[in-house]
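What follows is calculated from the coordinates using simple rules that are stated; it is not laboratory data. Values in this document were obtained by computation on a predicted structure and should not be read as measured data. Using ideal geometry, Cβ is built from the backbone for each residue, glycine included, and neighbour counts are taken over all protein chains shown.
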Amino acid sequence: MSTTISGGPDRDTIVNLTADIFARRGAESYLGEKVTMSEHMLQSAALAERAGAGDELIAAALLHDIGHYTGEFPETALAEGIDNLHEIAGARVLEPFFPKLVVDCVRWHVDAKRYLCATDRHYFSRLSDASVHTLRLQGGPMSGDEVETFRAQENLDAIVAVRKWDEGAKVPGRSTPAFEHYAPLLQRVVDRHLAGATT
Ligand code: FE
């Protein structure tokens, strides 16, 4: 398996690159929410950690929105009505380094919202206004057929768990550990995955 994206990061630089993105871009607003991008992603990771999740799920929660920084469209495009498919972009940049569980949680976190809206009566009422707006752009709640297909996901429980932490991670002013707290965990997940992939 290749550990580089052409001209991009490798296993020794991927965590630093992520840290750099958080540092340089983290203060940007999170799609109309009252938290910044880095506050949102750190709150997601902190919720996962507090729930006793393992390294991979904490990594997924931390990185679920990283695709906002890799797409061709600026973040504001989503607020203007264009879905920038950040979940696909995010999965693509993480795939060379992270295990399938992490990549699946990132790739399917938008569909997980559509799934939960179709299957959990209380879930929709907990969505923020911005999340209701993007739900429309993302296709609305899943149809019965879509729900059946989604339910067959190998990592369904993890995907749904990350989605719920994502939804809960929009609280202005909530304090969390800094990115640096999670850096060793990320490196551990990358190293373990790449060691397994090459032996
Ligand atoms: Fe999010």
Using only the Cα atoms of the chain, what semi-axes does the equivalent ellipsoid have when each is the square root of 5 times a gyration tensor eigenvalue? Give whole Å, largest first. 25, 19, 17
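Report relative contact order for the chain in percent, whole number only (criteria: Cα-Cα under 8 Å, sequence separation at least 6). Mind dumping the intermediate values first?
Details: 256 pairs, mean separation 59.4, N = 199.
Relative contact order of the chain: 30 percent.
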Unit Cα scatterers, Debye sum, segment 115-182: log10 I(q)/I(0) for q = 0.16, 0.18, 0.27 Å⁻¹: -0.67, -0.81, -1.34
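Taking the Cβ of each residue in Ser128, Ser44, Ser143 as the centre, tally the other Cβ atoms inside 10 Å and list the residues starting with the fewest. Mind showing how you got there, number by number?
Numbers: Ser128 15, Ser44 28, Ser143 12.
Ranked by crowding around the Cβ, least crowded first: Ser143, Ser128, Ser44.
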For a quick check, take a GNM of the chain with Cα springs below 10 Å and name the residue from Pro172, Pro96, Pro141 with the largest mean-square fluctuation. Pro172
Distance in nm between Ser175 and Asp20 label points, each 7 Å along Cα→Cβ, equals 3.1
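Taking 0.36 nm per residue of sequence separation and subtracting the Cα-Cα distance, how much length would be gained by fully extending the chain between Ala51 and Arg192, in nm to one decimal? Could the numbers behind the result be given before it?
Numbers: separation 141, 0.36 × 141 = 50.76 nm, distance 2.23 nm.
Here the segment from Ala51 to Arg192 would lengthen by 48.5 nm.
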Inter-part gap, Cα centre of segment 27-66 to Cα centre of segment 141-162, in whole angstrom, is 21
Ordered by fewest other Cβ atoms within 10 Å, a rough proxy for footprinting exposure, Lys34, Lys113, Lys164 read Lys34, Lys164, Lys113
Just to be sure I understand the model, the point goes 7 Å from the Cα along the line to the Cβ. What's the resulting Arg126 to Lys34 distance in nm? 1.9
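Given the -39500 (n - 2.57) contribution per DSSP H run of 4+ residues, what per-residue ellipticity at 222 nm results for the chain, rounded to the nearest 500 deg cm²/dmol?
Details: 11 runs with 117 residues, N = 199.
After summing the helix terms and dividing by the residues of the chain, the value is -17500 deg cm²/dmol.
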